[in-house]
Amino acid sequence: QVQLVESGGGSVQAGGSLRLSCAASGSTFSINAIGWYRQAPGKQRELVAGINSGGSTVYAASVKGRFTISRANAKNTVSLQMNSLKPEDTAVYYCNAIAGTLYPWGQGTQVTVSS
C-alpha cells in the first residue's frame with residue numbers, strides 16, 4: 001500500500017508563488033504515473049498536472065505555463081511549482097496516481113489565493 005502526504009500549501013496574493021510537495025511511502029515501487037489534483041469548494045476534484053516515470057508531463061489547460069510538476073524518484077517525492085497564482089487556483093491540492101488504481105487519498109494541502 002502507498003501512503004501519500006502533501007505539504008507546502010498556504011495563503012498568497014494573486015501573482016504569487018507556492019511550491020507543493022508530496023511524499024510517498026510504502027509500496028512506492030508500484031508508482032508509475034503520479035500527479036496533482038485539486039478540489040475547490042462545491043466543485044469536483046480535477047487533475048492539474050501529471051508526470052510519468054520517464055518524465056513526460058501533462059497539464060490542465062488552466063495551469064499550463066504557470067505550474068510545473070517534477071519528481072525525484074530516489075526520494076519518492078513529487079513537487080508542483082505554482083507561479084502567477086490566481087484566485088481561481090484556490091483549492092485543496094492532493095497527489096495521487098494518474099493511471100491505474102488510485103491510492104488512498106491523503107489529507108491534501110490548502111492553497112488560498114486572494115485578489
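The values are calculated or read from the model by the stated rules, or taken from the named source; none is laboratory data. What you see is a predicted model, and the numbers here were worked out from it, not measured in a lab. Reconstructed Cβ throughout: ideal geometry from the backbone, glycine too, with neighbour counts over all protein chains shown. Heavy atoms of the whole protein, side chains included, go into the accessibility calculation; ligands, DNA and RNA do not. Shrake-Rupley method; radii C 1.70, N 1.55, O 1.52, S 1.80 Å.
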Filter region 80-104 for residues that are open to solvent by less than 60 Å² (accessible area, probe 1.4 Å) and at pLDDT below 95; the one that is nearest to Ala60 (Cα to Cα) is Ile98
Residues of region 23-75 being surrounded by fewer than 19 Cβ atoms within 10 Å (Cβ to Cβ), assigned to a strand (DSSP E or B) and of a type outside the set (Ser, Thr, Tyr), in sequence order, are Ala23, Gly26, Gln39, Glu46, Leu47, Val58, Ala72
With respect to Val48, determine if the residue is β-branched (Val, Ile, Thr), touching a Leu at 6+ places or on another chain (Cβ under 8 Å) and within 20 Å of Trp105 (Cα to Cα).
yes
Filtering region 58-79 down to residues that are modelled with pLDDT of 95 or more and over 13 Å from Cys22 (Cβ atoms) yields Val58, Tyr59, Ala60, Ala61, Ser62, Val63, Lys64, Gly65, Arg66, Phe67, Thr68
Can you spot a residue in region 37-50 that is touching a strand residue (DSSP E or B) at 6+ places or on another chain (Cβ under 7 Å) and at pLDDT below 95? no
**Message:** When you scan region 105-114, do you find a residue that is closer than 20 Å to Leu4 by Cα, at pLDDT below 95 and assigned to a strand (DSSP E or B), even just one?
**Reply:** no
Within region 1-22, restricting to residues that are closer than 13 Å to Leu102 by Cα and over 14 Å from the mean Cα position of the chain (by Cα), the one that is surrounded by the fewest Cβ atoms within 10 Å (Cβ to Cβ) is Gln1
